[in-house]
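**Student:** Have a look at this one.
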């Protein structure tokens with residue numbers, strides 16, 4: 001067992017539900033939801049905000065903070081900072097841009113943006129008013145050269161499939177498909193333009209097979225004007241439909257983000 005651990009790294013994740021992704025992990029830690037945590041939350045616009053528990057975590061679920069401490073303790077390491085408030089204080093000691101932040105201040109003032117190096121002064125809500133963080137203070141812009149997608153449609157696969165989110169399920173559906181949201185969006189549709197529906201003999205509400213160079217999925221056709229001719233759209237919220245098997249392994253050369261938005265497919269009725 002020790003040898004196996006030395007040669008094969010373990011995959012550990014924390015999750016509210018044993019989702020399809022979590023099933024691939026070696027160890028799954030039951031984690032508390034945002035309604036059950038104490039600490040801080042940072043928005044994309046750099047605002048620190050307080051998070052307070054509204055209810056207790058169920059059963060053996062732990063917060064992220066407690067889970068990290070438990071794992072460290074099992075490895076013989078004492079992380080110190082026994083509370084989220086003391087962890088934020090440690091961040092402030094190590095990173096001057098956070099030195100002015102504390103749970104007490106956030107409780108008193110509400111959201112505070114960083115950089116915030118001084119507890120007696122407001123944080124910087126707007127950056128780079130006078131100069132940018134470059135040696136000459138100017139913004140340096142560069143045009144990124146265009147790179148074509150990893151695959152193109154052809155006579156065999158004439159349509160471009162775009163995968164994305166539906167409003168009722170947002171990012172994955174791992175939670176919303178277990179709640180009331182499923183009544184709002186219960187079926188995995190394939191949206192296609194009326195011109196394409198007529199060309200390939202597809203009726204609205206009909207079950208169709210979507211096939212790419214990589215896999216096959218079964219969806220329900222929804223004919224309308226939400227997509228352009230030559231393009232079809234479906235979500236990735238319903239793993240049973242097999243949508244994720246359609247996409248290729250092509251990825252962005254800089255970010256390594258998979259190419260979810262350009263997959264050549266064909267559509268057929270049973």
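Coordinate-derived values only; no laboratory data. Owing to the predicted nature of the structure, the values given are computational and were not obtained by experimental measurement. For neighbour counting, all protein chains shown are included, and Cβ atoms are generated from backbone atoms with ideal geometry for every residue, glycine included.
**Student:** Calculate, for residue 59 and residue 13, the FRET efficiency according to 1/(1 + (r/R0)^6) with r their C-beta to C-beta distance and R0 22 Å; round to the nearest 0.05.
**Tutor:** Rounded to the nearest 0.05, the efficiency is 0.75.
**Student:** Roughly how many Å is it from the Cα centre of segment 209-270 to that of segment 81-120, as a whole number?
**Tutor:** 44 Å
**Student:** Normalise the Cα radius of gyration of segment 46-157 by 2.2 N^0.38 Å (N = residues in it) and let me know the number.
**Tutor:** Its radius of gyration relative to the 2.2 N^0.38 Å reference: 1.67.
**Student:** Taking Cα atoms, how many degrees apart are the long axis of helix 84-94 and the longest axis of the chain, rounded to 10 and kept between 0 and 90?
**Tutor:** 80 degrees
**Student:** Now, a different point. Only Cα pairs within less than 10 Å get springs; with that Gaussian network setup on the chain, which residue of 132, 17, 65 has the largest fluctuation?
**Tutor:** 132
**Student:** Sum -39500 (n - 2.57) across every DSSP H segment of at least 4 residues in the chain, then divide by the residue count to get the 222 nm mean residue ellipticity, nearest 500.
**Tutor:** The helix contribution divided over the chain gives -4500 deg cm²/dmol.
**Student:** Now for a separate question. Would you mind computing, in nm to one decimal, how far apart the modelled labels at residue 143 and residue 25 are, each placed 7 Å from Cα along Cα→Cβ?
**Tutor:** 4.5 nm
**Student:** Extending each Cα 7 Å along its Cβ direction at residue 269 and residue 240, get the distance between those two points in nm, one decimal.
**Tutor:** Between residue 269 and residue 240, the label points sit 2.5 nm apart.
**Student:** Compute the angle between helix 64-74 and the longest alpha-carbon principal axis of the chain, please, reported from 0 to 90 degrees and rounded to the nearest 10.
**Tutor:** 70 degrees
**Student:** Here is a further query. Given contacts defined as C-alpha pairs under 8 Å and at least six residues apart, what's the relative contact order of the chain, whole-number percent?
**Tutor:** With pairs under 8 Å counted, the relative contact order is 14 percent.
**Student:** If you don't mind, another one. Please build a GNM for the chain, connecting alpha carbons under 10 Å apart, and tell me which residue among 39, 92, 137 fluctuates the most.
**Tutor:** Largest GNM mean-square fluctuation: 137.
**Student:** Hey, rough spin-label estimate for residue 218 and residue 74, points 7 angstrom out along Cα→Cβ, what's it come to in nanometres?
**Tutor:** Modelled inter-label distance: 3.9 nm.
**Student:** Another question, then. Would you mind telling me which residue in 155, 78, 136 has the biggest mean-square fluctuation in a Gaussian network model of the chain, where springs connect alpha carbons within a distance under 10 angstrom?
**Tutor:** 136
**Student:** Using the alpha carbon gyration tensor of segment 1-100, what are the three equivalent-ellipsoid semi-axes (square root of 5 times each eigenvalue), largest first, in whole Å?
**Tutor:** Working from the Cα gyration tensor, I get semi-axes of 27, 19, 14 Å.
**Student:** Starting from the eigenvalues of the Cα gyration tensor, five times each then square-rooted, give me the equivalent ellipsoid semi-axes of the chain, largest first, whole Å.
**Tutor:** Ellipsoid half-lengths, sorted descending, are 43, 27, 21 Å.
**Student:** In the chain, what % of DSSP beta bridges are antiparallel (nearest 5)?
**Tutor:** Around 60 percent of the beta bridges assigned by DSSP in the chain are antiparallel ones.
**Student:** Another question, then. Fewest first, what order do 69, 250 take by the number of other Cβ atoms within 10 Å?
**Tutor:** By the 10 Å Cβ count, ascending: 250, 69.
**Student:** Considering only segment 138-270, what is the antiparallel percent among its DSSP beta bridges, to the nearest 5?
**Tutor:** Here the share of antiparallel DSSP bridges comes out near 60 percent.
**Student:** While we're looking at this one, here's another question. Multiplying the sequence separation of residue 178 and residue 256 by 0.36 nm and subtracting their Cα-Cα distance, what value in nm do you get?
**Tutor:** Stretched out fully, the residue 178 to residue 256 stretch lengthens by 25.0 nm.
**Student:** Given the Cα-Cα distance of residue 104 and residue 66 and 0.36 nm per residue of separation, how much length would full extension add, in nm?
**Tutor:** Extra length available between residue 104 and residue 66 comes to 11.6 nm.
**Student:** Tell me, rounded to the nearest percent, the portion of alpha carbon pairs in segment 159-268 spaced more than 18 Å apart.
**Tutor:** Here the long-distance tail beyond 18 Å is 48 percent of all Cα pairs in segment 159-268.
**Student:** How long are the semi-axes of the equivalent ellipsoid of segment 101-175, taking √(5λ) for every eigenvalue λ of the Cα gyration tensor, in whole Å from largest down?
**Tutor:** Those come to 44, 26, 8 Å.
**Student:** Let me ask something else about it. Run through all the Cα pairs of segment 89-222 and give the fraction in each 10 Å bin from 0, expressed as whole percent.
**Tutor:** 9, 20, 16, 18, 19, 16, 2
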